[in-house]
Ligand SMILES: Cc1ncc(COP(=O)(O)O)c(C=O)c1O
């Protein structure tokens with residue numbers, strides 16, 4: 001079927017984080033919300049139908065993921081990446097962030113260190129701190145408008161000389177993000193291999209957050225970290241979910257792939273009593289999404305590509321001071337606003353109070369995000385157009 005993705009829906013008064021909690025979180029409610037990673041597109045029809053059918057059966061008791069839930073994950077990974085996994089490698093959690101928390105806790109002891117590649121998705125910071133660990137920043141480099149990994153710096157973090165300077169803990173893991181939120185890189189196999197070899201050869205395990213793996217712009221291909229080799233498979237925890245791809249965040253379901261038995265058992269023992277299973281509607285949605293969601297997804301990806309092309313042209317023509325970092329994946333656009341010449345707090349108040357556009361401030365992704373804004377482009381083009389015009393007009397006023 002054809003989905004009308006231009007249609008604007010009223011999402012207010014649905015307890016939507018994005019639409020109903022602007023005031024407490026962003027500071028005002030007369031803004032266009034382009035912040036939290038949630039799409040303004042209604043879910044695929046087969047997902048809605050599957051949930052309605054399940055809801056009609058009036059028993060909502062304790063639920064476990066049966067063979068068909070696991071099989072839908074196994075089949076999805078085979079279909080998308082030709083990656084063959086064993087059913088027992090799949091562990092379900094009610095979100096990727098709880099899985100990251102469990103993973104870091106299970107792999108470290110308090111006082112250890114965890115690598116982040118900043119700018120980083122901001123919930124990674126409390127995940128590391130809640131485990132009693134400290135953050136080691138292997139900062140991404142912006143080279144000619146494109147972010148790249150700094151593998152020399154990564155290697156140096158494990159060097160005995162650097163270790164002596166860094167304190168008594170041990171570097172145990174990295175939270176790798178692919179596609180990367182917020183910079184939008186889809187790391188290629190060579191880059192993944194280089195990074196992975198450094199971490200694993202130094203005794204670390206890679207936690208790979210691949211929640212955005214199916215949101216790719218034209219010409220890009222996702223490589224699951226563990227699909228690189230047996231060594232990578234045996235030393236990683238891969239976090240995936242249908243939630244970003246199919247806009248199901250409120251149903252709270254994620255599929256975590258842990259091939260190594262010991263790492264998996266540690267993960268399961270750590271989550272016991274702390275991180276529950278997803279709820280039954282999450283499993284229902286996951287199955288329907290992975291099996292029947294592609295017709296919807298193709299149209300959404302096409303629409304997002306159109307939004308991206310539209311924004312690029314608008315900025316080049318109207319506000320060339322804002323540079324768009326060309327994303328390869330995710331529907332989150334990393335905007336370099338440094339040429340506007342505002343400090344981070346002025347930039348924040350310019351976007352919210354003057355332009356009345358609610359994006360995420362770059363500095364919450366780490367110091368290297370200062371001067372940047374993250375824009376969620378998974379909304380109708382008319383909404384994007386209004387937001388861009390608000391920014392343009394506010395900037396013209398400021399310039400006068
Ligand atoms: C990189 C990344 N990881 C995790 C999440 C959140 O995952 P969940 O809602 O499943 O906890 C997001 C949400 O935007 C994200 O961008």
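Below are the figures for this structure:
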| item | result |
| --- | --- |
| Fewest-first sequence of 368, 236 by Cβ atoms within 10 Å of each Cβ | 368, 236 |
| Convex hull (Cα only) mean projected area of the chain, reported in nm² to one decimal | 19.9 nm² |
| DSSP beta bridge pairing in segment 60-292, given as percent antiparallel to the nearest 5 | 35 percent |
| Most mobile of 216, 116, 142 in a GNM of the chain (Cα contacts under 10 Å) | 142 |
| Whole-number percent relative contact order across segment 279-400, with pairs defined as alpha carbons under 8 Å at least 6 apart | 23 percent |
| Highest average packing first - 369-380, 252-263, Cβ atoms within 10 Å | 369-380, 252-263 |
| Calculated FRET efficiency for the pair residue 338/residue 291, C-beta based, R₀ 56 Å, to 0.05 | 0.80 |
| Stretchable slack from residue 354 to residue 20, in nm (0.36 nm times residue separation minus alpha-carbon distance) | 118.2 nm |
| Fully extended contour minus Cα-Cα distance, from residue 326 to residue 262, at 0.36 nm per residue | 19.1 nm |
| Whole-Å distance, taken between Cα centres, linking segment 62-104 and segment 280-353 | 27 Å |
| Among beta bridges that DSSP assigns inside the chain, antiparallel share in %, nearest 5 | 50 percent |
| Cα Rg, Dmax, segment 149-287, angstrom units | 16.5, 52 |
| Distance in nm between pseudo-label sites at residue 393 and residue 221 (7 Å out along the Cβ direction from Cα) | 4.6 nm |
| Spin-label model distance (nm) - residue 59 vs residue 30, 7 Å beyond Cα toward Cβ | 5.4 nm |
| For segment 36-79: Kirkwood Rh in Å [reciprocal of mean 1/r, alpha carbons] | 13.1 Å |
| Residues residue 137 and residue 381, FRET efficiency given R0 of 41 Å [Cβ-Cβ distance, rounded to 0.05] | 0.65 |
| Inter-site label distance for residue 197 and residue 151 at 7 Å from Cα along Cβ, in nm | 0.6 nm |
| Helix-only [θ]222 nm of the chain, DSSP H runs n ≥ 4, -39500 (n - 2.57) each, per residue, nearest 500 | -12000 deg cm²/dmol |
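Any read-out appearing in this document is the output of simple, stated calculations on the displayed coordinates, not a laboratory observation. Because the structure is predicted, anything quoted here is derived from the model rather than measured. Note that we place each Cβ from the backbone using ideal geometry, even for glycine, and neighbour counts take in every protein chain shown.
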